[in-house]
Amino acid sequence: MIKIPSKVVFWALVLVGSLGLMIFSSVSRNAGPSVKNPSPSTLVIVSPTVFPAISPAITPKVTKTALPTPTASDAGELFKGIPDQGLVPTSVPKEQITGSATCRLEGGINFIREDLYESKGAKIVYHNVDSPARLIFWKVTPDDGVLKIGPNIFSGLPLPGGEREIGVTIEKTASAKSYTLAATITYGENDEREVEKIKEASCFGIITVTMP
C-alpha cells in the first residue's frame with residue numbers, strides 16, 4: 001500500500017475546493033438576471049404637479065350710502081291728485097282711535113342758500129290718524145308758489161300717531177324774506193249709521209321759513 005504524505009493530501013483538497021468555487025461562481029453569474037442600465041430614452045421623469053394656491057374668495061366691499069330724506073318735490077311726484085278718501089278702507093284698528101284727529105306744527109326753517117337749509121325742529125306732530133291714505137294740506141303765506149312742502153300724505157308714517165320732520169324746497173325766486181306754513185289733515189269718522197265721513201282738522205301752530 002502506497003502511503004501519501006499528509007501535506008500532499010492537504011494541497012490536493014485546497015485545489016479541489018478552489019476549482020469548485022470557481023465553477024460555482026461562473027454558474028451563478030450565467031444564471032442570474034441580466035440587469036441593464038436604462039438608456040436615456042427609456043427614462044421617465046416624473047415632475048411633481050404644482051397646484052395653484054387656493055385663495056379665499058374676495059367679497060367686494062360694499063359701501064352703503066344713506067339716501068337723503070324725501071323732499072317735498074319727491075312727495076309731490078309720489079302723490080298726484082287727491083284719492084277718494086271714502087273708498088279707502090280703515091287700516092288702523094278702531095280700538096286704537098280714541099277721538100278726532102289732531103295735529104300741531106313746531107319749529108322753524110332757515111334757508112342758508114337755495115339748496116341748503118337749517119331745520120330748527122320743524123315737524124308735524126299728529127294723533128288719531130286712521131289710514132295711510134289721509135292727506136296733509138299745506139297753506140303758505142304769502143302764497144306765491146315759491147315753496148313746496150312735504151309730507152303731503154300719511155303713507156309710510158307711523159299710525160295712528162307720531163311725528164315727521166318737514167321738508168321744504170324753493171321752486172322759484174322768492175318774493176318775500178319769510179313765509180309762514182299752516183296745515184290741515186284729513187281723517188275718517190263714522191256717523192250714527194256707520195257711514196264714514198271724511199273730515200279735516202286744522203293743525204295748531206305755524207312754522208316760519210326764512211329765505212336766504
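Taking (1) of a type in the set (Val, Ile, Thr); (2) within 38 Å of the chain's Cα centre (by Cα); (3) closer than 16 Å to Glu106 by Cα in turn, Thr180 satisfies each apart from (2).
Checked across the stretch 135-156, the condition of being surrounded by fewer than 17 Cβ atoms within 10 Å (Cβ to Cβ), within 19 Å of Pro93 (Cα to Cα) and within 38 Å of the chain's Cα centre (by Cα) holds for at least one residue. In the stretch 115-134, the residue that is farthest from Thr173 (Cα to Cα) out of those that are charged (D, E, K, R) and surrounded by 20 or more Cβ atoms within 10 Å (Cβ to Cβ) is Asp130. Among the residues of the stretch 188-212, those that are open to solvent by 30 Å² or more (accessible area, probe 1.4 Å) and within 15 Å of Gly150 (Cα to Cα) comprise Ile206, Thr208. Apart from one condition, Ile185 fits all of (1) at pLDDT 95 or above; (2) open to solvent by 40 Å² or more (accessible area, probe 1.4 Å); the exception is (2). When the stretch 116-174 is limited to residues that are of a type in the set (Lys, Arg) and assigned to a loop (DSSP other than H, G, I, E, B), the one that is modelled with the lowest pLDDT turns out to be Lys172. When you look at Val92, is it at pLDDT below 95, assigned to a loop (DSSP other than H, G, I, E, B) and open to solvent by less than 20 Å² (accessible area, probe 1.4 Å), yes or no? So Val92 passes the test.
The values are calculated or read from the model by the stated rules, or taken from the named source; none is laboratory data. For clarity, every value in this text was computed on a predicted model and none was experimentally measured. Here Cβ is always computed from backbone atoms with ideal geometry, including for glycine, and neighbour counts include all displayed protein chains. Ligands, DNA and RNA are stripped out before the accessible areas are found, and what is left, the full protein with its side chains, is counted by its heavy atoms. Shrake-Rupley method; radii C 1.70, N 1.55, O 1.52, S 1.80 Å.
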